[in-house]
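Trainee: Can you keep this structure in mind? I'll have questions shortly.
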Amino acid sequence: GESVGLHLPTLSVQEGDNSIINCAYSNSASDYFIWYKQESGKGPQFIIDIRSNMDKRQGQRVTVLLNKTVKHLSLQIAATQPGDSAVYFCAENIGGGADGLTFGKGTHLIIQP
Amino acid sequence: EPEVTQTPSHQVTQMGQEVILRCVPISNHLYFYWYRQILGQKVEFLVSFYNNEISEKSEIFDDQFSVERPDGSNFTLKIRSTKLEDSAMYFCASISGRLYEQYFGPGTRLTVT
């Protein structure tokens, strides 16, 4: 499945399938991008980040892709598990360092058994 | 694993009252942040703090807001005269400065009646 984080708030996938969550960012000067996972009643939890000089970065079961040409960021989650159910936010940082983050609206990922 | 802690978890106050939200960032971190999240909406940056002064603030962070690091461990957000629209989750975050992953606390739910 595929969703645009800012325009399609809910993504429903079958357990074991791969998920792709998309995000469009607005500022071409943004240098640093992060994906956060937020479970109900909790604070955002860091998943993976990427700098603007890269176009792909992999973590454990997650991959972030950055397309600076169209200002698009995506998060791929392999073999989704029930524990992946959460709201996923992309965030950008213009300065690339210690600046405040600008968050997207979030996509609610629902894992169907 | 070190974590950001926040107290209280839920604060109910009447409109016009002052509230202080408290955070204990991760002990060796140098940059501190406050964000808010109105129910069902995205996380919004309020303010960042470094070396005992505000380094960046958003338009939301007006004269009704202030931050302080009263000792070596606490970081507080004060709202002088709360309004109904201040009702939200307030998250504290911190980074080491060597790495830029912002670690978030569990949040304080502020309800203004």
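Trainee: I need the GluC sites (Glu not before Pro) found in the stretch B:41-113, filtered to DSSP loop residues with at most 16 other beta carbons within 10 Å of theirs.
Mentor: B:GLU59, B:GLU101
Trainee: Which pairs in the list A:LYS37/A:LYS71; A:LYS42/A:LYS68; B:LYS42/B:LYS78; A:LYS37/A:LYS105; A:LYS71/A:LYS105 are over 19 Å apart, alpha-carbon to alpha-carbon?
Mentor: Flagged as over cut-off: A:LYS37/A:LYS71; A:LYS42/A:LYS68; B:LYS42/B:LYS78.
Trainee: Averaged across the residues of B:44-56, what count of C-beta atoms belonging to other chains lies within 10 Å of each residue's C-beta? Don't skip to the answer; put the middle values down first.
Mentor: Numbers: counts 4, 7, 1, 1, 4, 0, 1, 0, 0, 0, 0, 3, 4.
So the per-residue partner count for this stretch is 2.
Trainee: What fraction of the DSSP beta bridges in chain A is antiparallel, stated in percent and rounded to the nearest 5?
Mentor: Values: 33 of 41 bridges.
Here the antiparallel bridges make up roughly 80 percent for chain A.
Trainee: If you don't mind, another one. For chain A, what does the relative contact order come out to in percent, with C-alpha contacts under 8 Å and a separation of six or more? Intermediate results must be reported in sequence, preceding the final value.
Mentor: Values: 289 pairs, mean separation 40.8, N = 113.
Once normalised by length, the contact order is 36 percent.
Trainee: Hey, got the average number of other protein chain Cβ atoms within 10 angstrom for residues in A:102-113?
Mentor: Details: counts 5, 7, 2, 4, 5, 0, 0, 0, 0, 0, 0, 0.
Mean number of neighbouring Cβ atoms from other chains: 2.
Trainee: Nearest 20 debye, what's the magnitude of the dipole of the stretch B:25-110 about its Cα centre given +1 on Lys and Arg Cβ and -1 on Asp and Glu Cβ?
Mentor: Working: 9 positive and 11 negative charges, 45 e Å.
That gives a dipole near 220 debye.
Trainee: Placing +1 at every Lys and Arg Cβ and -1 at every Asp and Glu Cβ, with all other atoms neutral, what dipole size does the stretch A:16-104 have around its Cα centre, in debye to the nearest 20? Don't jump to the answer; show the numbers that get you there.
Mentor: Working: 8 positive and 8 negative charges, 25 e Å.
Roughly 120 debye for the stretch A:16-104.
Every number in this text was worked out from the coordinates using simple rules, so none of it is lab data. None of the values given here were measured: they were computed from a predicted structure. Here the Cβ is made from the backbone with ideal geometry for all residues, glycine too, and neighbour counts use every protein chain on show.
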